[in-house]
Every structure is written in structure tokens, then in C-alpha cells.
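Comments concern the structure below.
Where a number appears in this text, it was derived from the coordinates with a stated rule and is not lab data. For clarity, every value in this text was computed on a predicted model and none was experimentally measured. Backbone-built Cβ (ideal geometry, glycine too); neighbour counts: all protein chains shown.
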Amino acid sequence: RSVRFAARLRFTMEESLKNAAMNERVRIALSQKVARERIGAEVDLMLRSQDPVGAIRLLINLNLAGTVFAIDGLQQQPSNTSSASDNDDFSNKVFQSGLNLLSTTHDHLVDCKVNTPIWCEKKRVTAAATNGVNEVVLMEDEECRRKLWYASFLKPLRDHFKVMRQEDKEKVGRRQGKKANRSMIMKVMVDELKRPVRDAEAVEAIMKGADDFTNLLNAGCDLSSIACLVAEIRIINSGFAGSKNSNDRPTCLMGKKNINCETEDDPVWCGAMEYRLLVSKVLTRLGPLWRAALVLSLSEQLALIEHEDFSYTIEGDVYEEAQEEKRIGLVQTYDAFAASLLQLGLVGIWSQEPLIDGKVMKSKDILPNIPKGPVFREIMDEQENWMNMHPGGSKEGLVKYLREVFHEYI
């Protein structure tokens with residue numbers, strides 16, 4: 001609680017209080033006599049404070065992070081020779097990595113407040129621009145930011161266990177019994193901090209989404225996003241769920257040219273729609289958490305630049321200039337990527353309703369002979385893919401496509 005107040009009110013802790021917090025007997029009493037629910041509630045309030053980075057840094061400096069997050073029993077112990085110092089080294093390394101990522105994430109959001117990128121502007125999240133979804137920018141969404149702080153601090157821990165060898169995972173599993181199959185984030189947030197399962201699931205989704213965004217950009221989607229912006233490809237949602245004109249189709253534009261999404265064969269347009277399909281899969285899984293995941297992905301890359309180790313000697317000023325150029329270029333890449341999501345009408349795509357529901361899909365005019373089993377799910381997924389690649393496409397066009405692809409079920 002003292003750490004929380006210090007972070008919220010920007011107070012400095014007295015030396016006597018710091019010494020007490022660092023006392024081994026106090027840490028043992030804290031772990032054994034204070035309810036985990038109470039500890040978890042205090043951590044939650046720390047991350048809601050004005051200075052979540054300062055709160056976590058103070059916990060680490062006071063050697064309380066291991067007691068609060070209690071990861072000692074979760075780490076791998078490949079041999080019986082593992083000592084308490086080995087466990088401490090592991091915890092310190094993971095906590096320091098988490099603090100660095102949390103600090104980078106927090107600093108970037110502060111920068112966004114000062115120099116707001118296009119995708120963070122409030123005027124860009126109107127109902128028509130987001131498929132009728134009530135979107136809130138990250139700087140004004142306290143709940144989403146809290147989950148982002150959890151995700152930033154705990155991601156190095158999650159990534160460490162993600163790359164563990166199978167034999168080490170089995171050793172950890174034997175020690176933990178029935179809880180062995182729970183993810184590391186579930187174990188820390190739900191089992192140790194007693195946070196709601198929905199919070200842990202959201203934090204995991206942000207982490208997974210960050211990995212997905214990083215993989216997309218590394219696979220060439222950074223160039224695809226720029227191509228969409230340069231070609232001025234836009235999907236304008238004139239109708240959306242809840243609007244008076246909900247039957248209106250989105251307008252597809254490339255420059256000043258209106259596009260018929262069902263017949264257009266321009267390579268630039270087709271490439272943009274393939275890119276739209278790839279990104280839509282990530283956004284559909286993330287929903288409104290996509291902004292937090294994108295910021296976390298960017299922050300991980302920024303953190304790598306900040307801690308980059310050059311193998312050759314370079315003069316200080318030149319080194320700092322090179323680092324700044326890399327940082328600016330990376331931020332611009334992510335801003336262009338996010339701007340393309342808005343321009344392609346992808347924000348809110350997770351609320352998109354299918355043109356053909358399951359019952360109608362089996363009617364005699366579409367695919368009357370669909371067998372029971374996974375085939376039906378495959379057909380519905382194919383419908384979603386077609387809709388994402390043909391925004392504003394007609395039901396008739398979709399039926400024609402499905403009957404061609406799944407002709408054996410006619």
C-alpha cells in the first residue's frame with residue numbers, strides 16, 4: 001500500500017519504511033500472513049495510478065516483486081542443484097526485462113499524447129469509421145491501459161516459458177499437478193494475484209496479438225500498408241450496425257475511382273484486399289484490444305533498439321543519432337500500418353455479421369447437402385474470408401462463389 005501511495009501521489013518513502021520492506025522476516029510475513037486477494041488488489045491499484053512504472057520499479061528495488069508476483073514456484077528447475085541464488089537471478093532478470101518493456105510502453109503512450117498520430121485521434125473513431133463499434137482511443141481507456149501494463153510487465157515471463165524445452169515443461173508440470181496445463185499468465189494473475197479470469201484472458205490476448213502484429217510486419221505487411229496509403233485505397237462504411245441505413249454497402253475507392261469489389265482485378269487492389277484479409281484475422285481475435293496489442297508490439301521493437309549491443313566501437317553522438325533514426329523510422333512504420341487499418345475499414349470488423357447465416361446456408365438455393373461435422377465450420381470461415389476480401393460484396397456474389405468452391409454440396 002505504501003508503494004501504491006508513493007506511485008499515485010509521487011511521494012518518497014522514508015528510509016525506515018524502505019529498510020522494513022527489505023527485511024527478510026517482513027517479506028516472509030507478507031507472503032504468509034497477507035491474503036493474496038489483498039496483494040492482487042493493491043497491484044491493480046498501482047497499475048491504475050499515474051506512475052505504474054514507478055510503482056513496479058519500487059517493488060523491484062525493495063526486493064518485493066518476487067513476493068508479490070510469487071513466480072519462484074513456477075520457474076523451471078532443470079536439476080536438483082538449483083539454489084536460491086539461481087532462483088533469485090532468474091526472477092531479477094525477468095522482472096528487470098518486464099520493467100524495461102513497461103517503461104518503454106508507458107513512454108510511448110506519453111509521446112502519443114504530445115504528438116498524436118492519426119490512428120489515435122478521437123475524430124477517427126466515429127461510428128461510421130468503426131463499423132458502428134464504440135471505439136475509444138487508448139489514451140482515454142483506463143481499463144485497456146491497465147491490461148496493457150500487465151501485458152508489458154509479464155510478457156518477458158510468458159515468453160521465457162513459451163520457449164522452454166518440452167522436458168523442462170514436464171518437470172514444471174509434475175511439480176504443479178492439476179494446474180500444470182494453465183498458462184503462465186493464468187497462474188500469476190489468477191492463482192497468485194487472484195485477479196478475474198477475464199482480466200488474465202485479456203492480458204494473454206494482448207500478448208498474442210502483439211506477437212501476431214510483429215509477425216505480420218516482419219512478413220512484409222509494412223510495405224503493404226504503405227502501398228494502400230499511397231494508392232489511396234479506402235473502404236468507407238456508409239452503413240453500419242445500428243444505423244438507419246444499415247443495408248447500405250461500404251463504398252470502395254482507389255484514388256478517385258469507385259471500385260466494384262466483386263469484379264476488380266487491378267493488382268494493386270487485389271494485393272490490398274489480400275493484406276486486408278490477413279490483418280482482419282488478427283483484429284477479429286483481438287476486438288477492441290487491438291490498440292493495446294499494437295502498442296505492445298511497437299514497444300517490444302523499441303526496447304530492442306534501446307538495448308541494442310553494437311559489436312563495433314561507435315562514437316557516442318553518432319550512436320545516439322543512429323538509435324534515434326531507427327526509433328523514428330520504427331514508429332513511422334507502425335503509424336502507417338495503423339493508419340491503413342482505419343483506411344481499409346478494418347476497425348470494428350469483429351462485429352461484422354455474416355451475409356448468410358447457418359440455417360440459410362443449408363437451403364436448397366445455396367448448399368443443401370452440407371454434411372455434419374467440421375465442413376460446415378470451413379464453409380462459414382470461407383464466407384468470412386470472402387466478405388473481408390470483398391467489402392460491400394453482394395449476397396448473390398457470395399452465393400455464386402460458395403457454390404463454385406463447394407460444388408460437391410449442391
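Ellipsoid fit via the Cα gyration tensor, region 322-408: semi-axes of 39, 13, 10 Å, each the root of five times an eigenvalue, largest first. So what does log10 I(q)/I(0) come out to for region 264-410 at q = 0.13, 0.19 Å⁻¹, using the Debye formula with one equal point on every Cα and no solvent? Once normalised to I(0) and log-transformed, intensities are -0.73, -1.13. Farthest toward the dipole's positive end in region 180-304, which of Thr251, Ile233, Val190, given Cβ charges of +1 (Lys, Arg) and -1 (Asp, Glu) about the Cα centre? In region 180-304, that residue is Val190.
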